[in-house]
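Taking it in order: structure first as structure tokens, then the write-up.
The values are calculated or read from the model by the stated rules, or taken from the named source; none is laboratory data. Quantities reported herein were computed from a predicted structural model and do not represent experimental measurements. Cβ placement follows ideal geometry from the backbone for every residue including glycine, while neighbour counts extend to all protein chains displayed.
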Amino acid sequence: MDSSPLNALTIDVEDYFMVSAFEGRVSRDGWSRRESRLEANTERILSILAERGTRATFFVLGWVAEHFPGLVRSLARQGHEVACHGHEHRLIYHQTPQEFRRDVRRAKDLLEDVLGQPVAGYRAPSFSVVKETMWALDVLREEGYGYDASVLPAPHARGGLHGAQRFPHQLQGLWEFPMSTAMIAGRPFAFSGGGYFRLFPYALVRQGIRACHREGWPAIVYLHPWEFDPDQPRLPCGTLDGFRHYVNLSKTEEKFRRLLGDFSFGTAREVLQKYGGTFRCESTKS
Ligand SMILES: [Zn+2]
């Protein structure tokens with residue numbers, strides 16, 4: 001058991017048809033009419049975490065808080081951190097700053113109404129904090145968020161911030177917890193979540209986390225409830241998007257269990273606080 005340092009475990013709470021790969025093919029207006037597998041898949045993750053006594057941060061869509069308030073309350077009741085993944089999973093660079101502000105305010109309002117407590121963290125859909133949308137961090141700070149976990153300092157299909165700092169730091173008045181990367185031939189590569197986590201052999205993920213530790217920093221892992229569901233309905237999408245979404249879904253749970261056995265995890269907020277982050281957690285209901 002590698003007990004130090006404490007790493008951050010994060011789950012982006014969205015249903016299988018809400019992901020960016022299906023945007024344009026699955027209308028948001030039809031979300032509530034589709035078969036939802038969100039509660040069952042999230043419960044599956046919660047039961048594994050309960051078995052291990054591990055806490056995580058769940059970045060939840062405002063839409064999910066609106067339609068599944070009981071699920072959101074149960075995350076908090078079980079000791080997990082609830083943070084925000086935006087309202088309707090819109091990529092930041094498809095929004096104006098005003099639209100983005102409305103989106104993150106609405107989601108924070110809904111989450112805080114359901115939870116009865118302030119929400120400190122935010123993660124953008126598909127890591128869409130990119131060079132052109134750095135204004136989003138100013139909006140988040142102004143809207144009372146205390147930290148962001150949206151920067152992926154490596155190439156990514158829809159996001160990624162080339163040259164960004166690779167470990168927790170302060171950025172535009174917020175704490176930023178960038179996704180973990182491993183340096184290979186002098187270049188950063190993502191490995192610790194989503195399609196990367198499912199595609200790479202577990203040994204490589206473990207090596208990546210150990211490499212972060214050797215650099216003196218914690219790692220951050222991100223997964224989604226639908227990644228634990230090999231039986232989810234297949235939706236039409238591009239070949240590459242389809243590969244990324246469906247590759248090795250049947251292996252997620254087993255790898256996840258190994259990961260929890262090999263390393264210590266806590267919430268993003270808890271890990272950031274260990275590194276000096278104190279958060280303004282302003283309620284939007286002041
Ligand atoms: Zn997402």
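One table, with the values for the structure above:
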read-out	value
Filtered residues of segment 86-113 (kept if touching a Phe, Trp or Tyr at 6+ places or on another chain (Cβ under 9 Å) and more than 19 Å from L174 (Cα to Cα))	H87, E88, H89, R90, L110
Filter result (within 15 Å of the ligand (Cβ to nearest atom) and among the small types (G, A, S)) within segment 117-135	G121, A124, S126, S128
Identity of the residue in segment 191-207, out of contact with any strand residue (DSSP E or B) (no Cβ under 8 Å at 6 or more places or on another chain) and not basic (K, R), that ends up nearest to the ligand (Cβ to nearest atom)	G195
Neighbours by Cβ (under 6 Å, 6+ apart or cross-chain): first from segment 109-132, closer than 11 Å to I92 by Cβ and of a type outside the set (V, I, T); second more than 15 Å from the ligand (Cβ to nearest atom) and in a loop (DSSP other than H, G, I, E, B)	Y122/Y145
Subset of segment 115-134 (residues that are under 17 Å from Q170 (Cβ atoms) and either part of a loop (DSSP other than H, G, I, E, B) or hydrophobic (A, V, I, L, M, F, W, C) (or both))	A120, V129, M134
So V129, is it hydrophobic (A, V, I, L, M, F, W, C), touching a Ser or Thr at 6+ places or on another chain (Cβ under 9 Å), buried (at least 23 other Cβ atoms within 10 Å of the Cβ) and under 23 Å from P69 (Cα atoms)	no
Test set (1) more than 16 Å from the ligand (Cβ to nearest atom); (2) at pLDDT 95 or above; (3) touching a strand residue (DSSP E or B) at 6+ places or on another chain (Cβ under 9 Å) - A164 fails condition number	(2)
Residue match in segment 233-241 (condition: touching a Ser or Thr at 6+ places or on another chain (Cβ under 9 Å) and small (G, A, S))	no
Members of segment 207-243 found to be surrounded by fewer than 18 Cβ atoms within 10 Å (Cβ to Cβ), touching a residue at least 40 places away in the same chain (Cβ under 8 Å), part of a helix (DSSP H, G or I) and aliphatic (A, V, I, L, M), listed by number	L240
Set G144, G121, G116: member being of a type in the set (G, A, S), surrounded by 19 or more Cβ atoms within 10 Å (Cβ to Cβ) and at positive phi	G144
Conditions (1) within 23 Å of L240 (Cβ to Cβ); (2) surrounded by fewer than 24 Cβ atoms within 10 Å (Cβ to Cβ); number of the one not met by D138	(1)
Hits in segment 208-248 - residues which are closer than 15 Å to L38 by Cα and within 16 Å of the ligand (Cβ to nearest atom)	L223, H224, P225, W226, E227, F228, D229, Q232
Criterion (under 17 Å from the mean Cα position of the chain (by Cα) and more than 22 Å from H245 (Cα to Cα)) met by exactly one of Y222, Y122	Y122
Enumeration of residues in segment 136-152 that are small (G, A, S) and within 16 Å of the ligand (Cβ to nearest atom)	A136, A149, S150
Matching residues in segment 137-158 - criterion: being touching a strand residue (DSSP E or B) at 6+ places or on another chain (Cβ under 8 Å) and among the small types (G, A, S)	G146, A149, S150, A154
Set F100, F22, F58: member being buried (at least 20 other Cβ atoms within 10 Å of the Cβ) and touching a Leu at 6+ places or on another chain (Cβ under 7 Å)	F58
